[in-house]
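First up is the structure itself, then whatever we jot down about it.
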Amino acid sequence: MAEHDESSFIQTPQQLIVVVVLAFLVPILGIILIVHLVTGRPSADPSALTPEKVAARLQPVGKVEFGAPPAAPGARTGEDIVKSVCSSCHQAGVAGAPKIGDAGEWGKRVQQEKGLPGLLATAMKGKGAMPPKGGAADLSQDELARAIVYMANQSGQNLKEPAPAKPAAAAKK
């Protein structure tokens, strides 16, 4: 027959004393807390109804904040347009796009297209993987020209920014 080891987790007299004391204290503390919970009166913060505290509790979970309004169509600079639209392809030379800063490639494109008018016509209708107006349909012809001039001039070319087109209403006066 196998012998059973009937050892207890209480090995010393000090451990026995601790267990006996806790056996009395834990239920007594539990009873005291329950009595306090049942007989205690609920109390509220006296300043809880001040207008500031009420307003703080009624704040919405989120807020919508509007930034500065976008520039009016036709008023954006070439640099702004390049940063927001063109740089996604022209910064890295994606799908054959001439990299900003590559003087040789931009010089070749300026000669092939016979200057800014040719580059602008190509950009307006799109070329290869580039959609018309670089994919930003809201660009005016002037804005697109400013963006082309900015990229070409950053790449060592010396193109002049075209004068902005006059509105039809101003031309009639």
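The table below lists the values:
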read-out	value
Nearest 10 degrees, 0 to 90: helix 141-154 Cα axis against the chain principal axis	80 degrees
Set of lysines with alpha-carbon distance to residue 160 below 26 Å, sequence-local pairs under 8 removed	83, 99, 108, 114, 125, 127, 133
Relative contact order, percent, the chain [alpha-carbon distance under 8 Å, six or more residues apart]	20 percent
Relative contact order of segment 78-155, pairs being alpha-carbon contacts under 8 Å that are 6 or more residues apart, as %	42 percent
Size of electric dipole in the chain: Cβ of Lys, Arg +1 and of Asp, Glu -1, about Cα centre, debye, nearest 20	1680 debye
Amide proton proximity set for residue 101, modelled H, under 5 Å, gap of 5+	155
Pair residue 87, residue 58: separation of 7 Å Cα→Cβ label points (nm)	4.5 nm
Answer label for volume of the Cα convex hull per residue in Å³ (calculated), chosen among [x] 448; [y] 150; [z] 177	[x]
Added length on full extension, which subtracts the Cα-Cα distance from 0.36 nm per residue, residue 137 to residue 16	35.1 nm
At 1.567 mPa s and 4 °C, Stokes D of segment 78-155 from Kirkwood alpha-carbon radius, µm² per second	107 µm²/s
Rounded to 10°, Cα long-axis angle of helix 116-125 versus longest principal axis of the chain	50 degrees
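All of the numbers you see were taken from the coordinates with simple rules; none came from a lab. None of these values were measured; they are calculated from a predicted model. Please note: Cβ atoms are built from the backbone with ideal geometry, for glycine as well, and neighbour counts cover all protein chains shown.
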